[in-house]
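All of the numbers you see were taken from the coordinates with simple rules; none came from a lab. Source: prediction; values computed, not measured. Because the Cβ atoms are built from the backbone with ideal geometry, glycine has one as well, and the counts that use them run over all protein chains shown.
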Amino acid sequence: MKKELTIEVPKNYSAVSLKKYLEFRDAIEAYKDEPEAVDAFAFNLLCDIPVSYIYQIDSDTISKMRNDLASFLQNTDYELQKFIKIGDIEYGFEPNLSQMTYGAYLDCIKYDTITIDKNWSKIMNILYRPVKKKVGTSYEIEPYNPTFDDAKFLDVKMDVHFGALFFLLDLLKTLSHSILKSMKGQTEIFHQLNTILERSGNRIPQSTNWQKEILQNSIRL
């Protein structure tokens, strides 16, 4: 008895959660030399197709799905979203980054790179916090608390994450110059930030383009 399977291929990153993205990235990095496995992970994780069904799909459909995925995976150009909803709670992006607390700033730059990886949800937990009040175009969010649970950001879609990532990198480039002027005799942190920005700048194009390359070079049908 045949079963009908409805396939929905994501058209952009607004349909892909951070959790799915990280699983997908890690899986195809581990199996990048096994094109059949790459396809299986892509269709399973991004299109929610059970693995047992994937190898029953006809070759024309597989080819079209692969092309559809490749067409959006390299497109990470998203605007910053100041407000997002997680459950019933509205979160706002840090409204006054020039006055970000020193502890929050240090927590943002304590990693070797600032990019979408296992540490990214922790950075998002610093940048987005519950909104306390709004007055016109101004708003106030809760103070930064390093004990906040960052797991909630794993279900937030990747368009939000990419928008925040590139905004943050642009911001840190600007802040690095201001911080150097205000931190007399403490240039070590400035140089650390510059190193992080350089590493992040080199790795981001790789992380946003390699998915497309792997998919395009997977199973030849």
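Just in the range 4-42: which trypsin sites (Lys or Arg not before Pro) are loop by DSSP and have at most 11 other Cβ atoms within 10 Å?
On the way: sites: 11, 19, 20, 25, 32; in loops: 11, 32.
Qualifying residues, ordered by number: 11.
Could you work out how far apart the two model spin labels at residue 77 and residue 137 are, taking each label as a point 7 Å from the Cα in the direction of the beta carbon, and quote it in nm?
For residue 77 paired with residue 137, the spin-label model returns 2.5 nm.
Could you list 121, 14 in order of exposure, starting from the residue whose Cβ has the fewest other Cβ atoms within 10 Å?
Working: 121 21, 14 12.
Going from sparsest to densest Cβ surroundings: 14, 121.
Quick check on my link table: of 20/110; 11/110; 11/133; 20/132; 19/110; 64/85, which ones sit more than 27 Å apart, alpha carbon to alpha carbon? Intermediate results must be reported in sequence, preceding the final value.
Working: 20/110 25 Å; 11/110 34 Å; 11/133 35 Å; 20/132 30 Å; 19/110 22 Å; 64/85 33 Å.
Beyond 27 Å between Cα atoms: 11/110; 11/133; 20/132; 64/85.
Give the long-range amide H neighbours of residue 81: residues separated by 5 or more places, or on another chain, with amide H under 5 Å away, using H modelled in the peptide plane at 1.01 Å from N.
Sorted by chain and number, the residues that satisfy this are 164.
In the range 1-103, which chymotrypsin sites (Phe, Trp or Tyr not before Pro) fall in coil by DSSP and have 12 or fewer other Cβ atoms within 10 Å?
On the way: sites: 13, 21, 24, 31, 41, 43, 53, 55, 72, 78, 83, 91, 93, 102; in loops: 31, 55, 78.
Sparse-neighbourhood loop chymotrypsin sites (Phe, Trp or Tyr not before Pro): 55.
Count charges around residue 48 for me, please; just the other residues with Cβ under 14 Å from its Cβ, Lys/Arg as +1, Asp/Glu as -1.
0
List the trypsin sites (Lys or Arg not before Pro) within the range 74-167 that DSSP assigns to loop and that have no more than 10 neighbouring Cβ atoms inside 10 Å. Please report the intermediate quantities before stating the final value.
Working: sites: 82, 85, 110, 118, 122, 132, 133, 134, 152, 157; in loops: 82, 110, 118.
Filter output for the range 74-167: 118.
Expressed in nm², what is the orientationally averaged projection area of the convex hull enclosing the Cα positions of the range 13-75? All intermediate terms of the calculation are to be shown ahead of the outcome.
Values: hull surface 17.0 nm².
Mean shadow area of the hull around the Cα atoms is 4.3 nm².
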